[in-house]
Each structure stands twice: as C-alpha cells, then as structure tokens.
Amino acid sequence: MASVDDIFKNAGLPSKRKLETVRDPNEIYKSSRLSTDGDSNRRARVEDDEAEIDDNADFGPELPPDDDNEEDDEGRFFGGGISKKESEILDYVDDADAGAAPEKIDVAWLRKTALNFEKHITRNAELRAKFENDPQKFIGSEADLDADIKGLSILAEHPDLYTEFVKLGCTGSLVGLLAHENTDIAIDAIEVIGELTDEDVAAEDEQWSELADAFMDADLLDLLVSNFSRLNEDDDSDRNGVYYALGILENLCSRAQIAARIGKQERLVQWLLQRISRKETNVTQNKQYAAEILAILAQASDDSKTALSEADATDQLLQLVAQYRRRDPDKGGEEEEYMENLFEALTCIVDSDAGKTKFLEAEGVELCLIMLKEGKKAKPPAVRLLDHASSGAGGVDICNKIIDSGGLRNLFTAFMKTQEHRLIEHLVSVFANMLRRFPVESAERIRTLAKFVEKSYEKMTKLVKLFHDYAARVSAAAQQVRSNLSRDGSSEEQEYEILAARLDNGLFTLQQIAVVLAWLVAEDSGAKLRIKKLLADRDESLGSLRTLMQEQQEALDINEEDNKDLSDMLGALIGFLE
C-alpha cells in the first residue's frame, strides 16, 4: 500500500532565494501518479520477455487511406478520432472558456475560500482519526486540503484582504497545519506563510503587521521549532521545508519588536546554534541561512544579545570562526557568506557587557590577534570584532587583555603595513578606545603611548598622513553635495545631506584620528612638536584637530552616561590644542 508521504512528496519552488537542486520533476510526477487502489496507473507490462516480435507485422487499427481528400463513408472520424458534431461542441466550449471573465478576488471570494478551507481541514482530521491505518480512505481529503493551502498563496497579490483573513480566523488554522501528521502538508503551510509575509508583498505596514501578529499569536514560533526537529534535511522536500521556515523568521524579523521577541525564544536559539555547528562536507544553503538568522537576531535588541550570551553563543561562534585562522572560504560561495554572518553575530553580541564578558572568557581576544597576524579574509572582520569588544565602558577589560596578550605588536604592525581602509578605521578605533580607557600613569597606557613615539615617530607620522587623507575625502564629499543641492530645499535638509555625505566618506574615522593625535599632544611634548610640524607642512595647525573635536562634542547627546563621559574627555583634550 502506498505511503501518504510518498503520495504528497512535492519539491517546492523558492520564495525568495534560489534553492539547491531538487529531484527530477519527471521522477516526482511518475512517483505521485497513483490510482485509488494504490497501484501505478501505468499498467503496460511485458507479458513474455522471450516472445519474438515481427518488425514487419501490422498492429493497431488499419491506417487511413492515402488520399487526404477522401472521407470515410459515414463521415464520422477526423484526425482527433471524434465525430464532426463532437468537434464542433468542443470548439464552442473552448471559445466560451477563452472569453470567460477571471474569478474576482474579493471579500466574498475569501469568505467562500475560507469556508471550504475549514471544511477540508475538519474532514481530513475526521477521516484520519477514523481510518488511521488505511491511508487510502483519507488520501482524497488530504489532496483537497493540499490544494486549498496552495490556493491561499494568491492572497500575497491581494494584501488588502489580510485584515479579513485574520478576522475569519484563517491564520490560526493555517498555523495549526504546521502540526499536521503529514509533513508535506506542514511544509505547504510553511511555504504559504512565508509568501504572505514576504517583504516583496505590496502590503501597507498596518496590513502586514496585523497578519504577522496573528501568526505570532497562533504560536507560530513554537510550531516552527517543532518542525525544525522533525524534518530530515537528507530528504529534498524536508530540506526545502527548513529553508521556507527560515525564510519566515527572516520576514518576521523585519519588524524590530517581533525580532526582539524571536531572539528570546530559547528553543529556537539552541536549534540555530546546533544547525550552524552541524558538520558538512560543504556549507549548505540552510546552514548559511541559519547563521544569517542568528546574525539578524543578534542585532535585534539588547535583550537578544543577552539571551544569546546566556546560551553560550559567543563560545560556539568563536569555535566556528577559528577554522578561518589560516584557511579562507571559497570566494563567492555559501561558506564565505556563512563566515561573514558568524562574525556579524559575534560583533553584535560583544556590544553588550554580557557579551564582552563571555568573549573574554572564551579567549576571543587571543583568537582575533592570531587572525590579525595570520588571517586573510578573516582579518578585517576579526579587527572589527576586536574594535566593538573594546568599545564602551565595559571595554576596559578587553583593552587590558590586548596588552597582556602581547597584542600591541600585532596591532601596530598591521597598522603600518596595511593600506586597506576597513582595517585602518577599526585599528584607529581600537587605539582610541585604549587611550580613553587606560588610567593615567598606568603601565598599559605608557606602553601604548610608547608605541606611537618609537622609531622616530613613524606610527604618528602615518597617523597625521591619514588625517590629511581623510580630511580631503570628507571635504570633497561635502563640496560635491553642496554643488548639487537645490536652492529650494530647507537649510536643515541641506545640512543633513552634507553630514550624511561626510559620514559616508569617513568623518567618524577622521574624528577618531583627531582624538588619538590630541592624546599624543597632551601626553608627550616631543609628540606635540612633531605633530605641529607635520600639520604645518600642509598649512594646518592644531586648530584643525580642535575644530573637528568641537563638532563631535556638540553633536553628542549627553543624556546618555557614556556620551557625557566622552563629552568631558573631548573638552579636556580640546584644552590642550590651544
């Protein structure tokens, strides 16, 4: 007897991303064409393999006469094997169908569709309960239900009906099908939910939010996690089901409140961590997608970062990125994006104090320093990770660990060798973090300052050169925007456009460079003289640093504690630039 799962196996189509190769459609079609008694309807059989066949023998009906103009005596048969009258009737029906108006998709249609949908759910449940051990008795109702589910996808083209769809209670019924005994039915429901919540749907924010909230209230998250556990990714259809489910999570995370709620779902976080850790010969699409969802959740909210830290995500992620210390992923493949998402998740997590603590305990500083020295593609994201970990009030322990691990040499060697702006910007930020956090007269601070003045101030000389380069970029960007501005715009809008252009071209890094140079002016008289001379070579003075830092100070929101401390620090440094 045929299995229900075999009958309903259905390789889906991608809703947003390109799925991996699925089974041959012909194979799927052949395997699913079953008759009511469970046997294949392809009944041609070889009765006698040994029978000899005469190639010259005549088989089948007699061939028509060679004369095309000569009709048979009764005038009954034409090329299609039907009578003339029957042919005329079929032509009439075809013409009528061609002129028929398409079905109108409106509230009335939706109510009718919803009623049939609910009836078929109930009918299928009743027959499954009554004939549990005889699939042929309920297979027809399952086919009807399968067609109903797929038919709901048309709602994605009519988001104005989302509100009515929710009012009719269809969201709860659709989500409930994720618990259906037939995983193919569950996968169909998952795919349709993904299509209805897709970001490409032309729905108003209110319409989309109402639908998403209804799905969430129907316990969608728990049921998705349950399906993650029961779907076997060795099977094409199940693997696609996991993909569709991850797509739903990505769709829902487009709204910050829902993303924060998802990020605190402990079972989901644990499954994502297990999925990205699964050993595979080559990184698959679902493994990469799971890493991407984890990165999205990590930046959703502070609570999400804390939840991930408590789930030991930091340690697991560090173990996963450690494989890229000396080995690069293939360019442009799933693994390259997988690596980037792992680093992205880590970078977001260490922005929290809990994440910094876990990062320190898991020896994340040491790993980043090794990657800075030996890594290739992993080098920029590793430095960025170190930058975020060392920032903020909780970053002082990270800064101390950099010194204790002998990291100054790695940092300054990379600083002198690289011309890559991504590396330079994060290295300068790490320097600024250390000079801000280390106490005055501390050994760590003295060792850091010594690195800038050694070898005839070569590091400081490069820093001044970078100041000139970034200042030129920022100034050119601002000038270009000013020349393209319309005179009709408000001054506030124009200032905003200019500021955005300056930020896009390195204003923040320029300000960080100015802060580091200001620290050197304040701490070392020899450094002060050298910096003044280097600036004078380009007709500039310490006033150039002072102007930038004053602008930065004025833009701070001092209602935040850390910003208030930063404002006080900038004010003190500005005093040394008179």
With respect to Leu529, is the statement that it is open to solvent by less than 20 Å² (accessible area, probe 1.4 Å) and either free of Cβ contacts under 8 Å to residues at least 60 places away in the same chain or of a type in the set (A, V, I, L, M) (or both) true? no
Failed item, numbered, when Ala307 is tested on (1) outside any loop (DSSP other than H, G, I, E, B); (2) free of Cβ contacts under 8 Å to residues at least 40 places away in the same chain: (2)
Only one of Ser405, Ser390, Ser483 that is free of Cβ contacts under 8 Å to residues at least 12 places away in the same chain, more than 13 Å from Val516 (Cβ to Cβ) and either among the polar types (S, T, N, Q) or surrounded by fewer than 13 Cβ atoms within 10 Å (Cβ to Cβ) (or both): Ser483
Quick one: which residue in Lys104, Lys130 is open to solvent by 70 Å² or more (accessible area, probe 1.4 Å), within 21 Å of Ala156 (Cβ to Cβ) and modelled with pLDDT under 95? Lys104
Matching option when the condition is of a type in the set (Asp, Glu), on the phi < 0 side of the Ramachandran plot, free of Cβ contacts under 8 Å to residues at least 24 places away in the same chain and out of contact with any Pro (no Cβ under 8 Å at 6 or more places or on another chain), among Asp234, Asp238, Asp184: Asp234
Near pairs, Cβ below 6 angstrom, 6+ apart or cross-chain, from the stretch 536-561 (closer than 22 Å to Leu503 by Cβ) to any residue that is outside any helix (DSSP H, G or I): Leu545/Leu577; Arg546/Leu577
State the number of residues belonging to the stretch 486-504 that are open to solvent by less than 100 Å² (accessible area, probe 1.4 Å), within 35 Å of the chain's Cα centre (by Cα) and farther than 19 Å from Ala432 by Cβ. 6
Are any of the residues in the stretch 348-362 of a type in the set (Ser, Thr, Tyr), more than 30 Å from Leu411 (Cβ to Cβ) and surrounded by fewer than 21 Cβ atoms within 10 Å (Cβ to Cβ)? no
May I ask you to verify whether Thr461 is surrounded by 19 or more Cβ atoms within 10 Å (Cβ to Cβ) and polar (S, T, N, Q)? no
Out of the stretch 270-290, which residues are in contact with a helix residue (DSSP H, G or I) (Cβ under 8 Å, 6 or more places away or on another chain), within 18 Å of Ser229 (Cβ to Cβ) and either assigned to a helix (DSSP H, G or I) or open to solvent by less than 10 Å² (accessible area, probe 1.4 Å) (or both)? Trp271, Leu272, Leu273, Arg275, Ile276, Ser277, Asn286, Lys287, Tyr289, Ala290
Go through the stretch 146-164 and give me each residue that's in contact with an Asp or Glu (Cβ under 9 Å, 6 or more places away or on another chain) and assigned to a helix (DSSP H, G or I). Asp146, Ile149, Lys150, Leu152, Ser153, Leu155, Ala156, Pro159, Asp160, Leu161, Tyr162, Thr163
Are any of the residues in the stretch 350-360 in contact with a Leu (Cβ under 8 Å, 6 or more places away or on another chain), in a loop (DSSP other than H, G, I, E, B) and under 20 Å from Ala443 (Cα atoms)? no
Got a number for residues in the stretch 234-249 being farther than 21 Å from Lys150 by Cβ and either aromatic (Phe, Trp, Tyr) or at pLDDT below 95 (or both)? 1
Within the stretch 291-304, is there a residue that is touching a residue at least 12 places away in the same chain (Cβ under 8 Å), farther than 28 Å from Ser237 by Cβ, in contact with an Asp or Glu (Cβ under 8 Å, 6 or more places away or on another chain) and surrounded by 23 or more Cβ atoms within 10 Å (Cβ to Cβ)? yes
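The values are calculated or read from the model by the stated rules, or taken from the named source; none is laboratory data. These numbers were taken from a predicted model, which means no experiment stands behind them. Cβ sites come from the backbone with ideal geometry, for glycine too, and all protein chains shown count toward neighbours. Please note that ligands, DNA and RNA were not included when accessible areas were found on the heavy atoms of the full protein model with its side chains. Shrake-Rupley method; radii C 1.70, N 1.55, O 1.52, S 1.80 Å.
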